[in-house]
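The values are calculated or read from the model by the stated rules, or taken from the named source; none is laboratory data. Since the structure is predicted, the reported quantities are computational estimates derived from the model, not experimental observations. A quick note on method: Cβ atoms are made from the backbone with ideal geometry, for glycine too, and the neighbour counts reach across all protein chains shown.
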Amino acid sequence: MSRIFRQIKRKVKLRTLRQYLLGRAIRRHRRLKSVSDNTAKIRKGQLLLFVTLRNERVRLPYFVEYYREMGIQHFLVVDNDSDDGSREFMASQPDASVWVTKASYKNSRFGMDWINWLLHRYGRGHWCLTVDPDEFLVYPHCDTRPLRALTDWMDASAIKSFSAMLLDMYPKGPIAAEPYREGRNPLEIARWFDPANYAIRKNGEFGNLWIQGGPRARAFFADEPEKGPALNKIPLVRWERSFVYASSTHMLLPRSLNLVYDENGGEKASGCLLHMKFLSTFVEKSSEELNRQQHYANSQEYRAYQAGLQDQIDLWCEESREFYDWHQLEDLGLMSKGNWA
């Protein structure tokens, strides 16, 4: 009886939290100002991408082309007061809608209030991909099948959410050694990753997996690995108006959307987000974000980065692997095609 009571109590608690987060997002949408509204072009069933950004102009041309080729049909963008031309670039794209805000990134739950509002307003009935400008989705068969093939299979299989582990990519040598130029595939520079060195545990409250480790843990958080960034993401969801991201794209509500793994010995389909943070642009970006103090836990992550960058850190090590394709990531157990043959 006590077990049933605990389950009911948790269900009520999470439902209350979901309603609070959704209400908060609806209230705070007034802080967003539309600068380019092409949402009337969105058609039923189109694949949508949602992103919050600040001063990412040099990354955007390749980012947009990568996801267009994958099958994304509309970009919904929140620009957090960029001053490098990011807003103007995205506003010039015919398949993008752009909102701008000068509000605090930190006080908006690190941008998730804004994204939850846009998902609530425009995402219903669509497969929605929520990523950062330095994240590139790789999924099973992505070299031969568009994203629509994956979402069609998930629709047929009654699957509503798709997980992707954040895989930090890095160059061989100092991060700043090779300048990144606009339009270039970042994978040409940051081709290396950690094949192991990951810790996984289950979040009992929300039901999602919590993954930490990789190059950031060993290079920046070696003495306190529990403070390393979370690598678990659920970026692709068939959205409904009652859904909400609870913590970045790490976990959602309702809780059932977080059950993207098989607890009975099998495997569910999953992907990876190739994380291209560690390019030459990171040095300046890290300094800017540390000064702004707008990130989680008083920007402790960026404090660690800045300390490491003073030593011209090289993330490459003898165990590093060079990236080739999604088959390699599946062989290493970092993603899976599950039942999607």
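Given the criteria in a strand (DSSP E or B) and within 30 Å of ARG24 (Cβ to Cβ), does ILE211 qualify? Here the answer is yes, as ILE211 does meet what is asked. Out of everything in the stretch 165-204 that is of a type in the set (A, V, I, L, M) and in a loop (DSSP other than H, G, I, E, B), what residue ends up being farthest from ASP134 (Cα to Cα)? The qualifying residue farthest from ASP134 (Cα to Cα) is ALA196.
Confirm whether PRO186 is under 20 Å from GLU267 (Cα atoms), touching a residue at least 40 places away in the same chain (Cβ under 8 Å), surrounded by 16 or more Cβ atoms within 10 Å (Cβ to Cβ) and not acidic (Asp, Glu).
Numbers: under 20 Å from GLU267 (Cα atoms): no; touching a residue at least 40 places away in the same chain (Cβ under 8 Å): yes; surrounded by 16 or more Cβ atoms within 10 Å (Cβ to Cβ): yes; not acidic (Asp, Glu): yes.
Answer is no for this residue.
The numbered conditions (1) under 20 Å from the mean Cα position of the chain (by Cα); (2) under 30 Å from ASP152 (Cα atoms) are all true for GLU56 except (2).
Could you please let me know if SER86 is out of contact with any Phe, Trp or Tyr (no Cβ under 8 Å at 6 or more places or on another chain), more than 21 Å from LEU21 (Cα to Cα), of a type in the set (S, T, N, Q) and surrounded by fewer than 16 Cβ atoms within 10 Å (Cβ to Cβ)?
Spelling it out, it is not the case that SER86 is out of contact with any Phe, Trp or Tyr (no Cβ under 8 Å at 6 or more places or on another chain), more than 21 Å from LEU21 (Cα to Cα), of a type in the set (S, T, N, Q) and surrounded by fewer than 16 Cβ atoms within 10 Å (Cβ to Cβ).
Considering the stretch 233-341, there are no qualifying strands (runs of 3 or more DSSP E) wholly inside with 2 or more residues that are at pLDDT below 95 and among the hydroxyl-bearing types (Ser, Thr, Tyr). Listed by first and then second residue, the pairs with beta-carbon distance under 6 Å, at least 6 apart or on different chains, first residue in the stretch 19-31 and in contact (Cβ under 8 Å) with a residue 24 or more places away in the chain, second among the aliphatic types (A, V, I, L, M), are LEU21/VAL244; LEU22/VAL244; ARG31/ALA103.
Can you say whether ARG109 is out of contact with any strand residue (DSSP E or B) (no Cβ under 9 Å at 6 or more places or on another chain) and either among the acidic types (Asp, Glu) or surrounded by fewer than 23 Cβ atoms within 10 Å (Cβ to Cβ) (or both), as far as the supplied structure shows? So that I can check it myself, show each step before the final result.
Details: out of contact with any strand residue (DSSP E or B) (no Cβ under 9 Å at 6 or more places or on another chain): no; either among the acidic types (Asp, Glu) or surrounded by fewer than 23 Cβ atoms within 10 Å (Cβ to Cβ) (or both): yes.
Judged against the criteria, ARG109 is not a match.
If you go through the stretch 124-164 and keep only what is polar (S, T, N, Q) and assigned to a strand (DSSP E or B), you end up with THR130, SER161.
The sole residue among ASP132, ASP168 that is at pLDDT 95 or above, touching a Gly at 6+ places or on another chain (Cβ under 8 Å), within 30 Å of ASN197 (Cβ to Cβ) and of a type outside the set (Phe, Trp, Tyr) is ASP168.
Taking each residue of the stretch 212-237 that is aromatic (Phe, Trp, Tyr) and looking for partners that are at pLDDT below 95 and assigned to a helix (DSSP H, G or I) with beta-carbon atoms closer than 9 Å, six or more apart or interchain, yields PHE220/GLU301; PHE220/ALA304; PHE220/TYR305; PHE220/ALA307; PHE220/GLY308; PHE221/LYS227; PHE221/GLU301; PHE221/ALA304.
Scanning the stretch 98-121 for residues that are within 18 Å of the chain's Cα centre (by Cα) and among the hydrophobic types (A, V, I, L, M, F, W, C) yields a count of 7.
Residues checked against (1) crowded, with 20+ Cβ neighbours inside 10 Å; (2) in contact (Cβ under 8 Å) with a residue 12 or more places away in the chain; (3) more than 25 Å from PRO254 (Cα to Cα):
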| residue | (1), (2), (3) |
| --- | --- |
| TYR122 | no, yes, no |
| PRO133 | yes, yes, yes |
| HIS141 | no, yes, yes |
| LEU150 | yes, yes, no |
| ASP155 | no, yes, no |
| SER163 | yes, yes, no |
| TYR170 | yes, yes, yes |
| ALA176 | no, yes, yes |
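When ILE189, ILE159, ILE200 are screened for being of a type outside the set (Asp, Glu) and farther than 23 Å from GLN328 by Cβ, only ILE159 passes.
Just wondering, is there one or more residues in the stretch 215-238 that are aromatic (Phe, Trp, Tyr), in contact with a strand residue (DSSP E or B) (Cβ under 7 Å, 6 or more places away or on another chain) and closer than 25 Å to PHE136 by Cβ? The answer is no; no qualifying residue exists.
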